[in-house]
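To keep things clear, I will list the structure first and then write my remarks on it.
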Amino acid sequence: MLAINLCVLLFSFTAADAAPTESIRTIILNDGRTIPGFGLGTWLGFVQESKSKKDEVENAVKWAIDAGYRHIDTASIYDTEDQVGKAINKKIDEGVVKREDIFVTTKLWNDAHARDAVVPTLRNSLKKLNLDYVDLYLIHWPIPQYHNGSFYDVDYLETWEGMIEAQKLGLAKSIGVSNFNQKMLERIIAKSSVKPAMLQVEINLNLQQPDLREYCRENDIAVTGYTPFGSIFPSKAQSDAPPPRVTDPALVKIAEKYNKTVPQVVLRYLVELNVIPIPKTVTKSRVEQNIDIFDFQLTQEERDLLKGYDKNYRTIAPKNWINSKYYPFEKD
């Protein structure tokens with residue numbers, strides 16, 4: 001009896017002290033649909049290194065689905081829609097998931113901002129994806145620009161009307177924007193009957209965008225954060241990038257406390273900011289590692305420490321677009 005009581009006491013102590021386990025949260029969008037609060041990004045850059053790597057994204061998406069991801073992010077300019085579609089359809093054919101289990105986001109590129117170009121462009125993306133609809137369609141940038149580099153003048157309000165048409169046709173279940181600033185969001189909300197369901201922007205330790213996130217919270221717009229690792233990897237950091245790096249002692253200490261890696265701690269922090277991170281990788285172990293962040297919670301002290309790394313430093317701010325009247329960032 002004594003042994004049994006000791007076992008019960010030990011179990012009670014362990015259970016009480018263990019970090020709470022949760023699943024990937026589901027976020028309700030302002031149009032009533034839901035989106036998984038974690039996803040896989042599929043941008044590898046604008047130029048593929050070799051034809052032998054044309055299945056990199058397909059493999060990553062298949063690994064991701066097997067690991068529990070249900071949210072995949074792509075875009076027409078990434079040139080990965082076909083690989084994303086192949087992976088999803090293979091997993092559907094294998095019976096691993098149903099189409100309705102997977103949330104697929106793709107984006108409208110800058111050369112198709114005219115209202116009557118939006119639906120045909122989305123149809124082309126759907127053909128590459130081999131899907132009947134996407135769950136979320138975003139205006140990738142507010143900047144109208146032809147492939148030859150020249151700017152043209154199409155107000156993003158006109159583009160937004162094309163997005164609304166795509167939603168009415170059922171080609172996109174939800175619609176939103178990417179790389180828009182607060183003033184642009186305010187203008188869409190004031191001038192349109194349909195509010196963006198999502199804003200996708202760069203969010204990481206060096207660029208936490210608290211004011212923009214708060215505005216979105218107040219206006220019921222969900223936020224997806226791309227480039228969630230920012231400059232933490234030395235090999236990818238620009239010379240002017242502020243700290244931290246993955247070797248930062250304070251971050252390493254937090255990671256060791258939870259038996260996690262520094263990138264996992266960063267992703268967990270973004271989740272606790274109510275941001276949907278979409279880390280990109282084509283390495284199986286990292287695909288699996290990135291999503292393994294739902295068995296611990298950061299303390300307020302740890303969150304305050306991570307908050308202190310915010311330096312309003314952008315990893316991605318294309319200066320070649322600075323002369324566009326629709327450039328969304330502050331001009332130096």
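What to note about this one:
- Failed item, numbered, when PRO120 is tested on (1) surrounded by fewer than 24 Cβ atoms within 10 Å (Cβ to Cβ); (2) within 24 Å of LYS168 (Cα to Cα); (3) touching a helix residue (DSSP H, G or I) at 6+ places or on another chain (Cβ under 7 Å): (3)
- Looking across region 125-155, the residues that are open to solvent by 10 Å² or more (accessible area, probe 1.4 Å) and hydroxyl-bearing (Ser, Thr, Tyr) come down to TYR133, TYR146, SER150, TYR152.
- Subset of region 129-150 [assigned to a strand (DSSP E or B) and under 22 Å from the mean Cα position of the chain (by Cα)]: VAL134, ASP135, LEU136, TYR137, LEU138, ILE139
- Filter result for LYS253 (open to solvent by 40 Å² or more (accessible area, probe 1.4 Å) and under 19 Å from the mean Cα position of the chain (by Cα)): no
- Some residue of region 317-330 being open to solvent by 70 Å² or more (accessible area, probe 1.4 Å), modelled with pLDDT under 95 and small (Gly, Ala, Ser): no
- Single residue of region 307-332 satisfying the filter (hydroxyl-bearing (Ser, Thr, Tyr) and closer than 14 Å to THR227 by Cα) that is nearest to the chain's Cα centre (by Cα): THR315
- Of the residues making up region 235-253, those that are modelled with pLDDT of 95 or more and part of a helix (DSSP H, G or I) are PRO249, ALA250, LEU251, VAL252, LYS253.
- For the condition over 23 Å from ILE293 (Cβ atoms), in contact (Cβ under 8 Å) with a residue 24 or more places away in the chain and buried (at least 24 other Cβ atoms within 10 Å of the Cβ), THR106 qualifies.
- When PRO234, PRO243 are screened for being in contact (Cβ under 8 Å) with a residue 40 or more places away in the chain and out of contact with any strand residue (DSSP E or B) (no Cβ under 8 Å at 6 or more places or on another chain), only PRO243 passes.
- Screening ASP292 against (1) touching a helix residue (DSSP H, G or I) at 6+ places or on another chain (Cβ under 7 Å); (2) part of a helix (DSSP H, G or I); (3) free of Cβ contacts under 8 Å to residues at least 60 places away in the same chain leaves a single unmet condition, (2).
The values are calculated or read from the model by the stated rules, or taken from the named source; none is laboratory data. Because the structure is a prediction, the values reported are computed rather than measured. All Cβ positions, even for glycine, are placed from backbone atoms using ideal geometry, and neighbour counts span all protein chains on display. Just so you know, the surface numbers come from the protein's heavy atoms only, side chains and all, with ligands and any DNA or RNA stripped out. Shrake-Rupley method; radii C 1.70, N 1.55, O 1.52, S 1.80 Å.
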